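Structure, as structure tokens:
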Amino acid sequence: MSRLARVHWLLIAIGAVAWVCYIAIYYGGMALRGEWESWNLVLHNLYSPGEALANLSIGLHLVAGALITLIAPLQLLPGVRARAPKVHRVLGRIYIGAALIAGIGGTLFILLRGAVGGPVMSVGFGLYGVLVVIAALLALRHARRRELVQHRAWALRLFALGLSSLLFRYEYSLWGLFTGMATHDPVDFRGAIDFAMDFFFYLPTLAVTEVYLRLPPRERRPAWLRLLISTIVGLGALFGAVALILAALAWWWPKIDLTLFG
Ligand code: HEM
């Protein structure tokens, strides 16, 4: 791994742990205390008394989503794959299982209750859920058939999709920094930027993955391409670090603070 790739990996890992702390402490903490309505402080339709299946779907999706987010950085580590292939396989199976639960749970929630942002968000997130399930099943199938080139391609697409949920929060925090949240509807997510984000949080990430999968091997890349990649990855790390700090301060810490000290 190059130094820049290590910096990126570390940023993804720190962001993943911070976000999972928020999910576990806030959603887990309020559930343990029986304060289910408090789930609606972020998105007002997450919990609805008497709708057990929809509540269970989004709840399972949160647990599975947290698991995906924590395991993903470990699966990327070449060292784990090379020196502890058994660990990679076991984590891989848990990761695929969690991806299926997050995808099916999130999509079922949409079918039963609809997304807070209305039909546009339901279609955007629904497509996202279906893509997560397809990528998980194909990554597993190619691994089982020892077709490692295709397995790697689908595993990277699944990683990109899993990371996209975190990027959803990063992109909103950067939009806030640069535009003061122009056109954002914080209650029903039905502003112009919200409709764009319903698809933008995962399609560009998939597009970047497709470009990455088609790059020539590192040793055959011309100097201009190496420079371009380093610049893009470097800027990505810089904006990623800023977005992580903003998201943690603006959204995650206030809910952790409310749950622990509120
Ligand atoms: C990959 C890991 C994922 C994580 C960690 C995750 C996490 C979350 C969290 C924390 C929320 C609550 C809002 C917030 O507090 O920010 C949420 C909402 C939601 N997520 Fe996910 N999610 C993941 C994947 C998915 C997938 C694959 C789907 C598939 C459809 C999905 C669909 C939804 C929906 C529909 C909502 C509720 C939006 C609304 O209120 O209408 N998520 N997710």
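Values computed for the structure shown
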quantity	calculated
Residue count for region 112-134, restricted to those that are more than 10 Å from the ligand (Cβ to nearest atom) and not β-branched (Val, Ile, Thr)	2
Within region 220-239, tally of residues that are within 18 Å of the chain's Cα centre (by Cα) and under 13 Å from residue 5 (Cα atoms)	2
Lone unmet requirement of (1) under 17 Å from the mean Cα position of the chain (by Cα); (2) more than 7 Å from the ligand (Cβ to nearest atom); (3) within 20 Å of residue 108 (Cβ to Cβ) for residue 68	(2)
Members of region 197-209 found to be assigned to a helix (DSSP H, G or I) and touching a helix residue (DSSP H, G or I) at 6+ places or on another chain (Cβ under 8 Å), listed by number	197, 198, 199, 200, 205, 206, 208, 209
So residue 96, is it part of a helix (DSSP H, G or I) and open to solvent by less than 30 Å² (accessible area, probe 1.4 Å)	yes
Candidates 54, 5, filtered to the one that is within 15 Å of the ligand (Cβ to nearest atom), touching a helix residue (DSSP H, G or I) at 6+ places or on another chain (Cβ under 9 Å), open to solvent by less than 60 Å² (accessible area, probe 1.4 Å) and of a type outside the set (Val, Ile, Thr)	54
Any chance residue 173 is of a type outside the set (D, E, K, R) and at pLDDT 95 or above	yes
Residue list for region 130-150, filter: within 24 Å of residue 8 (Cβ to Cβ) and either open to solvent by 40 Å² or more (accessible area, probe 1.4 Å) or touching a residue at least 40 places away in the same chain (Cβ under 8 Å) (or both)	131, 136, 139, 148, 149
Enumeration of residues in region 65-91 that are in a helix (DSSP H, G or I), among the aliphatic types (A, V, I, L, M), modelled with pLDDT under 90 and open to solvent by less than 60 Å² (accessible area, probe 1.4 Å)	76, 80
Residue match in region 31-44 (condition: modelled with pLDDT of 95 or more and within 18 Å of the chain's Cα centre (by Cα))	no
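The values are calculated or read from the model by the stated rules, or taken from the named source; none is laboratory data. All values derive from a computational prediction rather than experimental measurement. Note: ideal-geometry Cβ built from the backbone for every residue, glycine included; neighbour counts use all protein chains shown. Ligands, DNA and RNA are excluded from the accessible area calculation, which covers all protein heavy atoms including side chains. Shrake-Rupley method; radii C 1.70, N 1.55, O 1.52, S 1.80 Å.
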